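Chemist: Before anything else, here's the structure in question.
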Amino acid sequence: MSKIDYLNTDLIIESPDDLTPIAEDLGEDVVVMYNGKWGKVNRAAFEIAGVHSDANETIQYFCSLVEGLGEREQAIWDSCFSKVFDIGYESGTSAQNFSSVIRPGTVKRIAGIGAAIEITIYPPIDKRKKH
């Protein structure tokens with residue numbers, strides 16, 4: 001049996017404007033998983049470079065980066081019609097409970113930068129399968 005695990009938190013933003021300046025301003029603090037056209041809009045998806053132990057810590061770090069954007073990049077951020085912290089968990093197969101807390105101060109910062117929270121639960125990875 002596998003246990004439920006926190007995997008990562010991604011920041012996904014969408015805008016009518018090119019998001020490259022934001023990706024560049026965030027720099028080496030993030031991994032850019034995608035930046036470009038997504039249908040008729042511009043979309044960028046980021047992960048934090050490095051390991052963070054839980055969703056709350058990861059989101060706090062992302063908030064600090066967003067709050068530190070330059071003036072031009074902040075204007076682009078403000079033009080985004082979608083700003084989502086996507087928190088990913090692996091569901092596991094054990095009957096064990098799992099809890100993950102997003103603290104009030106973090107919720108306030110998320111609201112302050114105009115973002116939302118999304119939860120994605122992935123099925124357990126069968127580690128016995130050969131690739």
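Bear in mind that the values in this text are calculations on the coordinates, not laboratory data. Source: prediction; values computed, not measured. Reconstructed Cβ throughout: ideal geometry from the backbone, glycine too, with neighbour counts over all protein chains shown.
Chemist: Would you mind calculating the gained length between Glu24 and Ser91 on full extension (0.36 nm times residue separation, minus the Cα-Cα distance), in nm to one decimal?
Modeler: Details: separation 67, 0.36 × 67 = 24.12 nm, distance 3.37 nm.
Length gained between Glu24 and Ser91: 20.8 nm.
Chemist: Take every DSSP beta bridge whose two residues both sit in the chain, then give the antiparallel share in percent to the nearest 5. List each step's numbers first, then the result.
Modeler: Working: 22 of 29 bridges.
Antiparallel: roughly 75 percent of the beta bridges in the chain.
Chemist: Just one of [x] 36; [y] 33; [z] 40 is percent of Cα pairs over 22 Å apart as worked out from the coordinates here. Which one is it?
Modeler: Here the calculated entry is [z].
Chemist: Take Ile119, project a point 7 Å from its Cα along the Cβ direction, then tell me which residues of segment 93-107 have their backbone nitrogen under 14 Å from it.
Modeler: 97-103
Chemist: Could you let me know the centre-to-centre spacing of segment 20-37 and segment 55-123, using Cα atoms, in angstrom?
Modeler: 16 Å
Chemist: Further question on the same structure: To the nearest 500 deg cm²/dmol, what mean residue ellipticity at 222 nm is calculated for the chain from DSSP H runs of n ≥ 4 alone, each contributing -39,500 (n - 2.57), summed and divided by the residues? It would help to have the intermediate numbers written out before the result.
Modeler: Working: 4 runs with 38 residues, N = 131.
Estimated from H runs of four or more residues: -8500 deg cm²/dmol.
Chemist: Oh, and also: With charges set only on the Cβ (+1 for Lys and Arg, -1 for Asp and Glu), what does the dipole of the chain come to about its Cα centre, in debye to the nearest 20? Provide the component values of the computation, followed by the final result.
Modeler: Numbers: 13 positive and 20 negative charges, 143 e Å.
The calculated dipole for the chain is roughly 680 debye.
Chemist: For the chain, build the charge dipole from Cβ charges (+1 Lys, Arg; -1 Asp, Glu) around the Cα centre, then report which of Tyr61, Ile4, Thr106 sits farthest towards its positive end.
Modeler: In the chain, that residue is Ile4.
Chemist: Hey, for a label at Ser82 modelled as a point 7 Å past Cα toward Cβ, could you say which residues of segment 1-30 have their backbone N under 20 Å away?
Modeler: 8-23
Chemist: How would you rank Lys83, Lys108, going from fewest to most other Cβ atoms within 10 Å of each one's own Cβ? Walk me through the numbers on the way to the answer.
Modeler: Details: Lys83 18, Lys108 10.
Ordered from fewest to most neighbouring Cβ atoms within 10 Å, Lys83, Lys108 come out as Lys108, Lys83.
Chemist: Now, a different point. Between the helical axis of 55-67 and the dominant principal axis of the chain, each derived from Cα atoms, what acute angle in degrees is found, rounded to the nearest 10?
Modeler: For 55-67 against the chain, the angle is about 10 degrees.
Chemist: Here's another thing I want to ask about it. What residue among Gly68, Gly27, Gly50 has the largest mean-square fluctuation in a Gaussian network model of the chain, using Cα springs under 10 Å?
Modeler: Maximum among the listed residues: Gly50.
Chemist: Same structure, new question: Once amide H atoms are placed 1.01 Å from N in the peptide plane, what residues at a sequence separation of 5 or more from Ser2, or on another chain, have their amide H within under 5 Å of its amide H?
Modeler: Thr93, Ser94
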